[in-house]
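Reading through the structure tokens given below for one structure.
Each value in this text was obtained by applying a stated rule to the coordinates, not by laboratory testing. Here the structure is a predicted model, which is why all the values come from computation and not from measurement. Quick reminder, even Gly has a Cβ in these numbers, built from the backbone with ideal geometry, and neighbours come from all protein chains shown.
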């Protein structure tokens, strides 16, 4: 990822977001040796629109972007230049800020307290072990 813009991968460094999308759309089309006119026909668009999208002169509508993703079996992350991997990025659906807040915050400690009966002889050991495991797992991320 580029340091100036963490959204854009290094091979797209220096390009605007619309230019990145246009470049990816062009590369996808050319990967199958299709003309702009042919891809427009298949996508239900027209050649001049495809040309404008590929040159970053106008933004492709969501319908077209989704069509490209489906037709070429790539992710929208790839089309938007957020990754060089066509299959995209696998997300664990847990934002880093939320994970750190839970693991390091008082809410997590309160959750652990609520999970175990404080009168239990194992209470303190289990609580300490759970907090230690959570903190250790956070170090790996």
_Could you work out the percent of alpha carbon pairs in the range 10-79 separated by over 16 Å, rounded to a whole number?_
40
_Additional length obtainable on full extension of the chain from residue 120 to residue 132, 0.36 nm per residue less Cα span_ = 2.4 nm
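Exposure proxy check: 78, 71, 62 ranked by fewest other beta carbons within 10 Å?
62, 71, 78
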*Can you give the FRET efficiency for residue 48 and residue 87, using 1/(1 + (r/R0)^6), R0 = 22 Å, r = Cβ-Cβ distance, to the nearest 0.05?*
0.10
